[in-house]
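The values are calculated or read from the model by the stated rules, or taken from the named source; none is laboratory data. These figures come from a predicted structure and were not determined experimentally. Positions of Cβ are generated from backbone atoms using ideal geometry, with glycine treated the same way; all protein chains shown enter the neighbour counts. Keep in mind that these areas ignore ligands, DNA and RNA; they rest on the heavy atoms of the full protein, side chains included. Shrake-Rupley method; radii C 1.70, N 1.55, O 1.52, S 1.80 Å.
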Amino acid sequence: MFSARVPRDLSVNRLSAAAAALRARGAAIVDLTESNPTRAGFVYPPDLLAPLGDPRGLRYEPHPCGLAAARAAISAEYARRDLPVSPDRIVLTASTSEAYGLIFKLLADPGDDVLVPRPSYPLFEHLTRFDALNARTYDLEHHGAWRIDMAGLERAWSPRTRAVLLVSPNNPTGSFVTQAELDRLAALCADRGAALVVDEVFADYVLDAGAAAAAGRVLERSDVLAFALGGLSKSAGLPQVKLGWIAIGGPAGAARAAIERLEFLADGYLSVSTPVQAAAADLLASGAAVRAQIARRVGDNHHRLLARAARVPACRVLRVEGGWSAVLRVPALAAEEDLVLDLLERDRVLAHPGYFFDFPHECYLVVSLLTAEPAFAAGVDRILRRFERLETT
Ligand SMILES: Cc1ncc(COP(=O)(O)O)c(C=O)c1O
């Protein structure tokens, strides 16, 4: 009766079930998987959302791509990052997830393929399936830094490949796409009639300034049709406000044709509320204070993690260039799932196993750098304690 877009099995995984059971019993858990900034102890100015009550929100005169003032405010956000993006190359969405849905509908028919990175954001599996697309993976390989396996990416390419998805910096590896990688991907896409989709939601959170400066910037390109995604969720720590955007780059003719079609699709939903659009400029301006707090927390926790892990030779923090998470490689003494369940049951610390993000082998733990002190340090110590007596990986 139901479509295959929704998984047959909707039961929660063992780790979430175990965490929920412990919480129901009132157990205190150090949560190193927290990715919701509104639960992570940041100070949000109490009047931050006051602009949502602006009387401009009382008038309904929708534009499918978004109100001019809101698009201009997002264009100014790009200017902050030294990227000139005209407001008429911006389309508003309610979230980045919705942005993926619009782009998939724009570019691909049911049964077509899109290439997605691995390890990466687990939602890709579902978002592609919602639009009846096949997600074919290409690997990021860790050689001191994460790099795209270009030969593997070309092998994954099929005649039905319509787009290559990138996340930069990536969740959870924290790696930026390099200029050389972007050059290669742009050439492949332009040559084969595919588009580049670059999720930049974490672009404001830089942990390695050199890597960020050397990163490829998709919106500077004119050789390939490209879509860059952003949103208030991460850039202002406001996932509940529901404002995301797509910036369209590339050759003028292709970009114009894409925007006309996105406008048609967005007109079918008109999902971005008028109050949030009227408030966008103010929210972006005052959200900067939240962004600064998040950036400080993520940077401090990254240093804490490096300092603590340096005392445990068997564990290694993989290089993080940006974003909100870090990857810890630990000895494969047990299966990842058994390790994370045991850490939860015995040490009351919750971390993500690498397989959640499709790491190619074990044993990796992914920790969120958002978790507040002193819980972050306590949680990391509880993990590292397990491996203290081991000499090497
Ligand atoms: C890489 C990436 N893109 C997008 C999102 C979701 O953003 P939004 O709340 O705008 O849908 C997340 C959330 O964690 C993410 O990790």
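Please verify whether L229 is hydrophobic (A, V, I, L, M, F, W, C), outside any strand (DSSP E or B) and over 19 Å from V298 (Cα atoms), treating the condition exactly as stated. It would help to see each step written out before you state the result.
Details: hydrophobic (A, V, I, L, M, F, W, C): yes; outside any strand (DSSP E or B): no; over 19 Å from V298 (Cα atoms): yes.
Spelling it out, it is not the case that L229 is hydrophobic (A, V, I, L, M, F, W, C), outside any strand (DSSP E or B) and over 19 Å from V298 (Cα atoms).
So for segment 327-349 (the condition being open to solvent by less than 20 Å² (accessible area, probe 1.4 Å) and closer than 24 Å to G210 by Cβ), does at least one residue qualify?
Yes, segment 327-349 has at least one match.
Restricting to segment 74-105, give me the number of residues that are under 24 Å from E154 (Cβ atoms) and either surrounded by fewer than 18 Cβ atoms within 10 Å (Cβ to Cβ) or not aromatic (F, W, Y) (or both). Give the derivation first.
Of the residues in segment 74-105, the ones under 24 Å from E154 (Cβ atoms) are 100, 103-104.
Subset that is either surrounded by fewer than 18 Cβ atoms within 10 Å (Cβ to Cβ) or not aromatic (F, W, Y) (or both): 103.
Result for segment 74-105: 1.
Identify, from the list S95, S86, S75, the residue that is closer than 25 Å to K242 by Cβ, in the same structural domain as L262 (by TED's automatic domain parsing) and without any contact (Cβ under 8 Å) to a residue 12 or more places away in the chain.
It is S86.
Tell me which residues, restricted to segment 330-367, are acidic (D, E) and at pLDDT 95 or above. Show your work before the answer.
Of segment 330-367, the ones acidic (D, E) are 336-338, 342, 345, 347, 358, 362.
Across segment 330-367, the qualifying residues are E336, E337, D338, D342, E345, D347, D358.
Within the bounds of segment 123-135, is there any residue that is more than 13 Å from Y100 (Cα to Cα), touching a residue at least 24 places away in the same chain (Cβ under 8 Å) and within 16 Å of the ligand (Cβ to nearest atom)?
no
Assuming V85 fulfils every condition listed in (1) among the aliphatic types (A, V, I, L, M); (2) within 15 Å of the ligand (Cβ to nearest atom); (3) closer than 22 Å to E263 by Cβ; (4) in contact with a Phe, Trp or Tyr (Cβ under 6 Å, 6 or more places away or on another chain) apart from one, which condition is it?
The failed condition is (2).
Please work out if F130 is crowded, with 20+ Cβ neighbours inside 10 Å and either of a type in the set (F, W, Y) or not assigned by TED's automatic domain parsing to the domain that holds E263 (or both). I'd like the intermediate steps shown before the answer.
Details: crowded, with 20+ Cβ neighbours inside 10 Å: no; either of a type in the set (F, W, Y) or not assigned by TED's automatic domain parsing to the domain that holds E263 (or both): yes.
In short, no.
Could you look through segment 88-101, keep only residues that are part of a helix (DSSP H, G or I) and touching an Asp or Glu at 6+ places or on another chain (Cβ under 9 Å), and pick out the one that is farthest from the ligand (Cβ to nearest atom)?
Of the residues in segment 88-101, the ones part of a helix (DSSP H, G or I) are 88-89, 96-101.
This time we only want the ones that are touching an Asp or Glu at 6+ places or on another chain (Cβ under 9 Å), so: 96, 99-101.
Values: T96: 3, A99: 8, Y100: 8, G101: 10 Å.
Ranking the candidates gives G101 first.
Residues that are outside the structural domain of L32 (by TED's automatic domain parsing), outside any helix (DSSP H, G or I) and more than 16 Å from the ligand (Cβ to nearest atom): does segment 273-286 have at least one?
Looking through segment 273-286, none of the residues is outside the structural domain of L32 (by TED's automatic domain parsing), outside any helix (DSSP H, G or I) and more than 16 Å from the ligand (Cβ to nearest atom).
Listed residues R71, R14; which is farther than 27 Å from L369 by Cα, in contact with a Leu (Cβ under 8 Å, 6 or more places away or on another chain) and among the basic types (K, R)?
Details: R14 fails: farther than 27 Å from L369 by Cα.
Within the list R71, R14, the selection yields R71.
Looking only at segment 273-296, which residues are aliphatic (A, V, I, L, M), buried (at least 18 other Cβ atoms within 10 Å of the Cβ) and out of contact with any Asp or Glu (no Cβ under 9 Å at 6 or more places or on another chain)?
From segment 273-296, those aliphatic (A, V, I, L, M) are 276, 278-281, 283-285, 288-290, 292, 294-295; that's our starting set.
Subset that is buried (at least 18 other Cβ atoms within 10 Å of the Cβ): 276, 278-280, 283-284, 290, 294.
Listed by number, the residues that qualify are V276, A280, L283, V290.
Residues in segment 121-141: is at least one outside any loop (DSSP other than H, G, I, E, B) and farther than 25 Å from Y355 by Cβ? Can you show your working first?
First, the residues of segment 121-141 that are outside any loop (DSSP other than H, G, I, E, B): 123-130, 134-141.
Of the ones still in play, those that are also farther than 25 Å from Y355 by Cβ are none.
Scanning segment 121-141 turns up no residue that is outside any loop (DSSP other than H, G, I, E, B) and farther than 25 Å from Y355 by Cβ.
Select from segment 177-199 the residues that are in a loop (DSSP other than H, G, I, E, B) and open to solvent by less than 20 Å² (accessible area, probe 1.4 Å) and write down the one among them that is nearest to the ligand (Cβ to nearest atom).
Keep residues of segment 177-199 that are in a loop (DSSP other than H, G, I, E, B), which gives 177, 193-194.
With open to solvent by less than 20 Å² (accessible area, probe 1.4 Å) added as a condition, the list becomes 177, 194.
Values: V177: 13, A194: 20 Å.
Ranking the candidates gives V177 first.
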